[in-house]
Amino acid sequence: MDNATALFIVLALIALWNLDFIASLLNLKALKPELPAEFQGVYDDEKYAQSQEYTRVSEKFGIITSIYSLSVLLAFWFAGGFGWLDQWLRSYQWGEIPTGIGFIGALMIGNTLLNLPFQIYDTFVIEEKFGFNKTTPKTFVVDQIKGLFVSALIGVPLLALVLWIFAAVPNAWLWAWLAFTTFQLLMMYLAPSLILPLFNKFEPMPEGELKTRIQEMAKQCDFPLTEIHVMDGSKRSTKSNAFFTGFGKRKKIALFDTLIDKHDTDELLGVLAHEIGHFKKKHIIQRMVFSIVQTAVVFFLLGLVTDPDSPFAQELFKAFGVESVSTYAGLVFFMLLFSPVSKLLGVIGNISSRKHEFEADAYAAEIQGTPEHLVRALKKLAANNLSNLTPHPLPVFLDYSHPPMLVRLKALKAFKLKTEA
């Protein structure tokens, strides 16, 4: 390989894979057969052993899929796949925008099809084996079709707009960034009402103690709650979750039916108080600002690597065997070149996210007057989801957006001692 840029990208991809591989091995080595004292009475010996086996199977499956993905990428690249696809699409003389949509669309569809067997195995073998899967083959197929439809309906116009901006507008990176950011904000507003209902059913929570106490807590927290829904999460999995949506003075809560089935009212209020804590501490806005700034950097650099007169852009396209510099191919190549920086930004984002989780936990404990309700909820969530209780510090540092469960429980215990002092 005589192209220095190509060599750098290959070495970076291999280095990142090795880093993730080492992290997975350390996670496996960190598994401890002894149940932590904090989970006595929550896990029995059989379920704890099952959680450790789930971690082993998941980590090993992740290693296999990452080897497969990297091998497919390098094989396609070294076989001249990028150059062949670009020349084939250009031969139809559709113009820059349709050609770009075809180029990126073909790569995305190809990637989806190549990874589909692994997704099927994960859903119907691994998740089934450990009692999580509730997805039927029909639901799985319908989800795939809906996902492709929604991706095309949303992604094609956005991609066409970005390609047009880079082809026709001065300072294209700035306008493309503004257009993309506007789209992101619009999707955050529209997705809960237009997209999520395509995949799940949302029913208004019936009147009763739980709804009344949620409304009372929202009022106590000065949280502008307008709607409370129950989502049929059990349609696909036994795992539990809850989330908030909405902007400004119109906030909505969605609780998985599995979460309601497995927790008492105080525990559910602990979970929701934690989520309200993210809102009150302005974590959502901070994450949004970080994402917007990160996107600005990406579009600025993208403008540099798609400039036909740039020697670096010419070198980059040569590295991938593509003759003509274009925005659409540059977008794909840039994301591969950007992967080390993307990993670093991910680590920084995860550090901030873990800090936010501690702050939201503390807020929930303060609002409820005790951390015990949230502690019980977190323990049940860990047990029901077969969470890894003893992850190694390296994968936590690299990839965990939430602190390890034992660390969160320790922080909540310290909060209790502090308030009682």
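Which order results if VAL156, VAL42 are arranged by neighbouring Cβ count within 10 Å, fewest first?
Fewest to most other Cβ atoms nearby, the residues stand as VAL156, VAL42.
Cα gyration tensor of region 211-354, axes a ≥ b ≥ c as square roots of the eigenvalues: rounded (a/c below 1.5), prolate (a/b > b/c) or oblate? Walk me through the numbers before you get to the answer.
Numbers: a/c = 3.43, a/b = 2.58, b/c = 1.33.
In terms of gyration-tensor shape, prolate.
Tell me which DSSP H helices of the chain clear both cut-offs, 20 Å or more of axial length from alpha-carbon atoms and a mean Kyte-Doolittle hydropathy of at least -0.5. Write out the running numbers ahead of the final one.
Working: long enough: 4-29 (37 Å, 1.77); 45-78 (50 Å, 0.04); 96-121 (38 Å, 0.98); 137-168 (46 Å, 1.62); 172-190 (26 Å, 1.31); 265-280 (22 Å, 0.15); 283-305 (33 Å, 1.80); 339-368 (42 Å, -0.13); 405-420 (23 Å, 0.21).
Sorted by number, the helices that extend far enough and score high enough are 4-29, 45-78, 96-121, 137-168, 172-190, 265-280, 283-305, 339-368, 405-420.
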- Message: At 222 nm, what value in deg cm²/dmol follows for the chain if DSSP H runs of at least 4 each add -39500 (n - 2.57) and the sum is divided by all its residues, to the nearest 500?
- Response: -23500 deg cm²/dmol
- Note on the structure: Counting only DSSP beta bridges fully inside the chain, the antiparallel percentage to nearest 5 is 55
- Item | Proximal lysine pairs, region 186-307, alpha carbons under 17 Å, eight or more residues apart or interchain | 22
- Could you work out which residue, out of PRO206, PRO371, PRO395, moves most in a Gaussian network model of the chain, that is, has the largest mean-square fluctuation with Cα springs under 10 Å? PRO206
- Query: Which shape class, rounded, prolate or oblate, goes with region 1-158 when its Cα gyration tensor gives a ≥ b ≥ c as root eigenvalues, a/c under 1.5 marks rounded, and past that a/b bigger than b/c marks prolate?
  - Reply: oblate
- Query: What list of whole percents do you get for P(r) of region 138-260, with Cα-Cα distances grouped in 5 Å bins up to the one holding the largest distance?
  - Reply: 2, 9, 15, 16, 15, 13, 10, 9, 6, 3, 1, 0
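Taking other Cβ within 10 Å of each residue's Cβ, how do ASP361, ASP44 sort, fewest first? Could the numbers behind the result be given before it?
On the way: ASP361 24, ASP44 13.
Lowest count first: ASP44, ASP361.
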- Residues SER193, SER24 in order from fewest to most other beta-carbon atoms within 10 Å are SER193, SER24
- Amide proton proximity set for ILE228, modelled H, under 5 Å, gap of 5+: MET205, ILE253
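Under the classification rounded if a/c is under 1.5, otherwise prolate if a/b is larger than b/c and oblate if not, where does region 202-262 fall, given a ≥ b ≥ c as square roots of the Cα gyration tensor eigenvalues?
Prolate shape, in that a/c is at least 1.5 and a/b is the bigger ratio.
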- Among bridges DSSP assigns within region 202-262, what percent are antiparallel (round to 5)? 55
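Every number in this text was worked out from the coordinates using simple rules, so none of it is lab data. This is a predicted model, so every value here is computed, not measured. Cβ coordinates were reconstructed from backbone atoms using ideal geometry, including for glycine residues, and neighbour counts include every protein chain displayed.
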